[in-house]
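The values are calculated or read from the model by the stated rules, or taken from the named source; none is laboratory data. Everything numeric here is computed off the predicted structure, so don't read it as measured data. Here the Cβ positions follow ideal geometry from the backbone for every residue, glycine too, while neighbour counts run over all protein chains shown.
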Amino acid sequence: MRRAFAVPALMLAAPSAFFAAFFLAPLVVVLIASFTGVPHPKSLTFTYYVQILADRYHWNVIIVTFRIAILTTLCCTLLGYPVAWYLVRLVHWQLWRRLCVVLVVVPLVTSNIVRAFGWMVLLGRNGLVNRELMDAGLTVHPLRFLGTELGILIGMVYVLLPFSILTIGNALARVDAACEEASADLGARPVATFWHVIFPLTLPGVAAGGIIVFTLSVSAYVTPALLSDGRISVLSMLIFQQYSSTFNVHYGGALSIVLLAFTLIMVALANRVSERRGSSI
Amino acid sequence: MSTLLTIDTVGKRYGSHTVLDNIQLDVREGEFVALLGPSGCGKTTLLRLIAGFVEPDYGRVKIDGQDVTHLPPYRRQLNTVFQNYALFPHMTVLENVAYGLRREGIPRTEANGRAAEALALVTLAAFGDRYPREMSGGQQQRVALARAVVKRPKILLLDEPLSALDMKLRKKMQLELKHLQEKLGIAFIFVTHDQEEAMSMADRIVVMNEGRIEQIGAGTEIYRAPATRFVAEFIGDANLLSYETSTTGEIRLAVQAFATPVMHSNVPKRGVAVLRPEHLQVVDSTAAQSNSLCQLSGVVTDIVSVGSHSIIHADVSGHDIIARAMGLPSAAMRLGNVVQLGFDPSDLHLIGDCA
């Protein structure tokens with residue numbers, strides 16, 4: 001009996017210790033810091049939370065942060081689904097599929113900063129995008145991308161799209177072909193089969209990809225920082241400022257906890273929705 | 001009864017591999033047809049071709065007089081019970097069964113009512129709210145059946161629907177399926193590799209091998225008079241002995257240079273004679289002569305008793321001959337004993353070489 005417990009306990013000990021030391025402990029430190037600081041470093045206070053949640057500017061930043069994250073998630077899902085469909089369903093040539101998957105994954109191994117700079121060049125006043133738009137006669141004056149939410153959105157979707165494609169592709173590949181045949185056999189046209197069988201069966205994958213993209217985009221720093229051109233702030237940028245420039249760990253901590261709390265609420269909501277719809281998988 | 005399904009000289013190849021070769025088959029209304037053959041014989045491809053999942057390279061498929069060769073599955077008036085049931089895991093049992101009706105545009109309440117009726121038909125009326133994963137294999141099988149018959153198709157295709165069930169349940173389902181088919185009057189086309197299953201359920205059996213139809217006929221007919229060597233070996237046990245006819249018209253079996261009287265006027269010159277084990281009996285030679293039985297003498301090499309009958313393997317001049325005797329083995333049947341195996345020459349079935 002004892003042995004039966006000893007082995008799994010030992011196997012769990014190392015990851016548990018690692019998790020506690022490098023994940024839980026820092027979080028606790030941040031949590032404690034967020035509730036202290038005024039009037040002196042060790043006194044308990046809600047000052048920073050009040051400062052954040054009672055202030056319009058902060059609410060604005062929170063709303064911008066989550067608006068960009070939600071739009072990024074939507075765009076990634078809407079763009080990722082057809083790409084995943086193409087890779088899983090339409091490509092029959094194994095070599096080309098592998099090459100495509102490599103092309104999807106390769107951006108993930110290059111630096112975020114390099115990619116953000118790339119977009120700065122492309123999206124600038126005289127960048128390639130504006131030049132093409134003007135050459136095509138779609139616009140007379142160069143459009144502003146840098147420093148707009150659209151610019152940040154473009155950069156974020158580009159960075160996070162692979163996560164959507166890979167998770168949705170995985171879900172698509174798992175759909176039992178026999179279920180589709182059964183649907184056609186029962187008189188469903190291909191579009192009906194998609195909406196009634198394929199899409200519901202991939203919904204857990206879509207939700208999982210969405211949650212990954214959402215959490216990554218809500219906490220993204222490099223892409224919004226570089227593409228905001230100093231005009232737009234998201235929470236991660238405020239947090240970075242507090243820790244790196246003003247060295248106010250209490251204020252920065254409170255901002256971090258606010259971000260974490262809002263993110264958890266959103267993820268919990270998404271989980272509930274996908275659980276209800278996809279519970280039967 | 002009129003012809004419901006016509007398969008007119010259909011063929012299909014994948015690369016250099018011929019899966020179906022010149023298939024011709026008619027299925028009448030309300031008929032129970034089994035497609036029987038070893039794995040890879042093309043029976044499942046033929047079924048998928050009827051359902052519309054496979055298009056033939058040549059030939060046509062007609063249902064009720066309408067050419068459906070190039071119609072997609074969702075426009076054909078037939079339904080399928082898939083091998084692994086292919087139930088929709090994200091829908092309840094009732095939703096699964098109502099699915100086909102809903103896709104026809106039938107309102108939800110009516111569709112659910114008819115689905116509940118179909119579930120009652122397979123004695124699962126109380127299970128509508130469950131999900132497929134909460135049910136046993138046998139129950140899932142019934143759900144698949146209810147889902148396929150709810151639209152009252154004229155033809156129901158069944159792709160080895162019983163292969164995943166254990167022996168006892170399978171026997172039970174065989175009877176149930178047969179009764180359901182009689183009750184509904186739907187034509188069943190049933191794919192199986194189990195010859196007993198085919199014999200016990202089907203009105204007609206289509207024996208297939210390597211993409212070709214070897215023989216079509218009632219179970220008893222196929223058993224009694226197999227058209228080819230393959231059919232003789234595939235359906236039941238058989239002793240195959242090569243023969244030729246002598247100038248005087250006698251049949252000479254290769255085994256023990258043995259001659260029997262002529263039985264038919266137009267017997268193929270040479271070929272194999274099929275002798276079923278149950279037609280061979282262990283006799284003593286005097287009794288054999290008085291009953292005008294032919295005899296083979298051999299040495300008993302193996303006895304297998306399964307209670308209700310015994311199977312005797314005998315070495316007859318180098319040929320392994322199988323005989324089946326009712327009941328437990330008698331005293332004469334002992335390993336190493338020389339026995340006389342008698343048979344009535346009219347029980348021999350001859351298959352010509354060119355067949």
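For the reader, a short list of remarks on this structure follows.
- Note on segment B:143-167: among residues that are more than 10 Å from chain A (Cβ to nearest Cβ), out of contact with any helix residue (DSSP H, G or I) (no Cβ under 7 Å at 6 or more places or on another chain) and not aliphatic (A, V, I, L, M), the one that is nearest to B:Leu119 (Cα to Cα) is B:Arg152.
- Restricting segment A:6-54 to residues that are part of a helix (DSSP H, G or I) and among the hydroxyl-bearing types (Ser, Thr, Tyr) leaves a set whose member that is farthest from A:His250 (Cα to Cα) is A:Ser16.
- Positions within segment B:2-19 being touching a helix residue (DSSP H, G or I) at 6+ places or on another chain (Cβ under 7 Å) and at pLDDT below 90, in sequence order: none
- Residues in segment A:187-205 that are crowded, with 22+ Cβ neighbours inside 10 Å and either in a helix (DSSP H, G or I) or at pLDDT 95 or above (or both) were compared, and the one that is farthest from the other protein chains (Cβ to nearest Cβ) is A:Gly205.
- B:Val206 being in contact with an Asp or Glu (Cβ under 6 Å, 6 or more places away or on another chain) and buried (at least 19 other Cβ atoms within 10 Å of the Cβ): no
- When segment B:31-44 is limited to residues that are more than 14 Å from chain A (Cβ to nearest Cβ) and out of contact with any helix residue (DSSP H, G or I) (no Cβ under 8 Å at 6 or more places or on another chain), the one that is surrounded by the most Cβ atoms within 10 Å (Cβ to Cβ) turns out to be B:Lys43.
- Condition check for B:Gly113: over 20 Å from B:Asp21 (Cβ atoms), outside any loop (DSSP other than H, G, I, E, B) and within 12 Å of another protein chain (Cβ to nearest Cβ): no
- Residues of segment B:115-137 classified as free of Cβ contacts under 8 Å to residues at least 40 places away in the same chain and either closer than 15 Å to A:Leu186 by Cα or surrounded by fewer than 17 Cβ atoms within 10 Å (Cβ to Cβ) (or both), total: 12
- Residue list for segment A:95-109, restricted to those being among the basic types (Lys, Arg) and either in contact (Cβ under 8 Å) with a residue 60 or more places away in the chain or farther than 14 Å from A:Ala84 by Cβ (or both): A:Arg98
- Residue check: A:Val213 meets all listed conditions (1) within 11 Å of chain B (Cβ to nearest Cβ); (2) closer than 27 Å to A:Val159 by Cα; (3) of a type in the set (Val, Ile, Thr) but one, namely (1).
- Per-region count, segment B:149-200, residues of a type in the set (A, V, I, L, M, F, W, C), crowded, with 21+ Cβ neighbours inside 10 Å and closer than 26 Å to B:Cys41 by Cα: 13
- Looking only at segment B:68-85, and only at residues there that are touching a Pro at 6+ places or on another chain (Cβ under 8 Å) and of a type in the set (Val, Ile, Thr), the one that is farthest from the other protein chains (Cβ to nearest Cβ): B:Thr69
- Odd one out for A:Phe117 among (1) of a type in the set (Phe, Trp, Tyr); (2) under 19 Å from the mean Cα position of the chain (by Cα); (3) under 15 Å from A:Pro224 (Cα atoms): (2)
Yes/no matrix, rows are residues, columns are (1) surrounded by 19 or more Cβ atoms within 10 Å (Cβ to Cβ); (2) hydrophobic (A, V, I, L, M, F, W, C):
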position	(1), (2)
A:Gly80	yes, no
A:Leu90	no, yes
A:Pro107	no, no
A:Asn112	no, no
A:Gly118	no, no
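- Where a residue in segment B:56-77 is part of a loop (DSSP other than H, G, I, E, B) and its partner, wherever it lies, is among the basic types (Lys, Arg), with Cβ under 7 Å and at least six apart: B:Pro56/B:Lys12; B:Asp57/B:Lys12; B:Asp57/B:Arg13; B:Asp64/B:Lys154; B:Val68/B:Lys62; B:Val68/B:Arg76; B:Thr69/B:Arg60; B:Gln77/B:Lys154
- Note on segment B:86-100: among residues that are more than 8 Å from chain A (Cβ to nearest Cβ) and under 19 Å from B:Asp159 (Cα atoms), the one that is surrounded by the fewest Cβ atoms within 10 Å (Cβ to Cβ) is B:Asn96.
- Just so you know, in segment B:265-321 the residues that are at pLDDT 85 or above and of a type in the set (D, E, K, R) include one that is surrounded by the most Cβ atoms within 10 Å (Cβ to Cβ), and it is B:Arg276.
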